[in-house]
Amino acid sequence: MAHRHRRDGPAIPTPDARRPPSRRVHRAVGALAHRPPICYRLGMHTDTRPRLVVLGLDGLPFSLARHLCAQGRTPNLARIAVSPNASALAPELPDLSPVNWTSFYTAAGPEAHGVYGFTRFNVATRQLSLADFSQVAAPTIFDRLGERGLTSRVVNLPNTYPARPIPGMLVSGFVAHDLARAVHPPFLLGPLT
């Protein structure tokens with residue numbers, strides 16, 4: 001690795017000599033994926049409740065994900081996508097992100113949760129506005145899990161703005177135009193600003 005020397009300090013790697021950030025991150029994530037978290041290795045973690053992680057890749061067709069995995073371009077995703085248990089989801093119609101993500105987190109179709117697209121038309125005022133979480137008319141999976149004493153950690157989930165109290169934590173996804181209203185509980189705003 002090439003280095004640039006400072007007169008009063010240690011050598012600094014030059015930008016052109018470093019590996020691209022994506023490679024460094026990719027290797028770090030790959031290495032971490034094969035090791036249990038440090039709290040388990042040190043015997044500090046005593047909670048044995050089952051956990052579930054949902055990774056949503058908006059706009060990535062399952063066929064393309066598998067194609068990229070087969071080419072070796074996404075090895076970490078490949079461990080999930082090439083599993084015999086993995087399958088494509090049938091989209092709700094209209095096939096738009098707010099509709100499908102709201103259907104995902106409510107387990108209801110647009111006719112039940114009330115989100116039909118990116119916008120909502122108010123017939124009385126004849127005003128057009130962005131669809132948002134306050135208009136979701138069905139209970140969410142986060143509400144249902146909370147009723148059973150479980151918590152959720154939700155990050156960047158579309159159509160969850162403005163954030164509302166859930167049992168756990170929420171950082172809203174697209175479209176979140178005011179960060180102060182995009183987090184619950186409010187202390188999450190500090191680390192994000």
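The values are calculated or read from the model by the stated rules, or taken from the named source; none is laboratory data. Not measured: the values here are computed from a predicted model. For neighbour counting, all protein chains shown are included, and Cβ atoms are generated from backbone atoms with ideal geometry for every residue, glycine included. SASA here: full protein model, heavy atoms, side chains in, ligands and nucleic acids out. Shrake-Rupley method; radii C 1.70, N 1.55, O 1.52, S 1.80 Å.
Numbers at a glance
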read-out	value
Residues that are of a type outside the set (Val, Ile, Thr) and out of contact with any strand residue (DSSP E or B) (no Cβ under 9 Å at 6 or more places or on another chain), drawn from the range 133-150	Ser134, Ala137, Ala138, Pro139, Asp143, Arg144, Glu147, Arg148, Gly149
Tally, over the range 139-153, of residues that are hydroxyl-bearing (Ser, Thr, Tyr) and surrounded by 15 or more Cβ atoms within 10 Å (Cβ to Cβ)	2
Selected residue (criterion: most open to solvent (accessible area, probe 1.4 Å)) from residues of the range 159-180 that are more than 15 Å from the chain's Cα centre (by Cα) and within 17 Å of Ser129 (Cα to Cα)	His177
Where a residue in the range 145-173 is without any contact (Cβ under 8 Å) to a residue 24 or more places away in the chain and its partner, wherever it lies, is surrounded by fewer than 16 Cβ atoms within 10 Å (Cβ to Cβ) and of a type in the set (Ser, Thr, Tyr), with Cβ under 9 Å and at least six apart	Leu145/Thr151; Met169/Thr151
One residue from Asn100, Asn156 being surrounded by 12 or more Cβ atoms within 10 Å (Cβ to Cβ), of a type in the set (S, T, N, Q) and on the phi > 0 side of the Ramachandran plot	Asn156
So Phe104, is it in a helix (DSSP H, G or I), under 26 Å from Leu188 (Cβ atoms) and either of a type in the set (Asp, Glu) or touching a Ser or Thr at 6+ places or on another chain (Cβ under 7 Å) (or both)	no
Selection within the range 113-125 - without any contact (Cβ under 8 Å) to a residue 40 or more places away in the chain and open to solvent by less than 50 Å² (accessible area, probe 1.4 Å)	His113, Gly114, Gly117
Exclusive hit being over 29 Å from Ala163 (Cβ atoms), touching a helix residue (DSSP H, G or I) at 6+ places or on another chain (Cβ under 7 Å) and exposed (fewer than 14 other Cβ atoms within 10 Å of the Cβ), set Ala107, Ala88, Ala81, Ala70	Ala88
